[in-house]
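See below for the structure under consideration.
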Amino acid sequence: MRKAVFPGSFDPITLGHVDIIERALPLFDEIILAIGTNSNKKYMFSLEKRLTFLKETFKAESKIKVTTYKGLTVDFCKEIDAKFLLRGLRNGIDLEFEKAIGQTNYKMEEIETVFLMASSGFEHISSTIVRDVMQHGGKYQFMVPDAVKIENQ
Ligand code: ADP
């Protein structure tokens with residue numbers, strides 16, 4: 001069984017994430033969307049809300065599971081017997097950052113990272129920009145799936 005973990009903060013999930021996840025579906029038997037819970041980052045949405053957004057968005061897709069994890073992402077992968085990580089790349093900054101993490105993860109536990117390039121028209125979307133626009137009452141709806149829109153109407 002070819003399992004991939006897509007780790008992220010998903011604060012909130014955006015159409016950029018959805019695009020990567022949907023395009024990765026034919027590559028894997030199961031994709032586990034995993035929110036890491038050990039970072040000291042401050043979040044706009046609670047863990048419960050972020051989980052609900054993910055579950056709601058992919059409720060019709062049986063190959064997608066949603067969960068949280070603590071500790072190193074590679075340890076979580078080993079725990080659930082996933083041999084692959086999935087990440088999206090928007091630009092050169094993502095590439096440089098992800099390259100170092102991907103190489104480290106492979107050296108540590110031989111977990112291979114599969115990178116998909118953002119689709120044309122999606123590379124400008126980030127959770128950071130969505131949060132900023134939301135906080136200032138701007139039009140964010142074109143960047144997020146319905147579950148996030150409904151919650152924030
Ligand atoms: P993290 O806090 O780990 O950066 P994010 O939720 O921000 O988590 O992102 C998770 C993954 O989704 C990362 O690989 C990121 O590059 C990717 N990603 C985010 N937005 C987009 C987008 N618009 N297009 C493609 N990939 C994206």
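The values are calculated or read from the model by the stated rules, or taken from the named source; none is laboratory data. Just so it is clear, the structure is predicted and the values come from calculations on it, not from any experiment. Each accessible area value is taken on the protein alone, full model and side chains, heavy atoms only, with ligands, DNA and RNA left out. Shrake-Rupley method; radii C 1.70, N 1.55, O 1.52, S 1.80 Å.
Across segment 114-122, coupling constants 3J(HN,Hα) worked out from phi with the 6.51/-1.76/1.60 Karplus curve, θ = phi - 60°, read 9, 9, 10, 6, 4, 5, 4, x, 10 Hz, and Gly and Pro carry x. When Rg and the Kirkwood Rh are both derived from Cα coordinates, the Rg/Rh ratio for segment 1-90 amounts to 0.93. Amide hydrogen proximity for Y69: with H placed 1.01 Å from N in the peptide plane, the residues at 5 or more positions away or on another chain lying under 5 Å are I35, G36, T37. In summary, the aspartates and glutamates within cross-link reach of K65, defined as a Cα separation below 19 angstrom excluding same-chain residues under 8 places away, comprise D11, D19, E22, D29, E30, E48, E56, D75, E79, D81, D146. Compactness of the chain is given as radius of gyration and Dmax, 15.0, 45 Å, from Cα positions.
Close amide H pairs (under 5 Å, H built 1.01 Å from N) link V5 with I32, F84, L85, L86, residues at least 5 positions away or on another chain. Measuring between alpha carbons in the structure, the pairs from K42/K107; K42/K63; K107/K139; K3/K99 lying more than 32 angstrom apart are K107/K139.
For segment 96-108, backbone phi angles converted through the Karplus equation (6.51, -1.76, 1.60; θ = phi - 60°) give residue-by-residue couplings of 4, 5, 5, 4, 4, 5, x, 5, 5, 4, 5, 4, 5 Hz, Gly and Pro being listed as x. Here the chain exposes an accessible surface that is 53 percent carbon and sulfur, computed with a 1.4 Å probe and the other protein chains kept in place.
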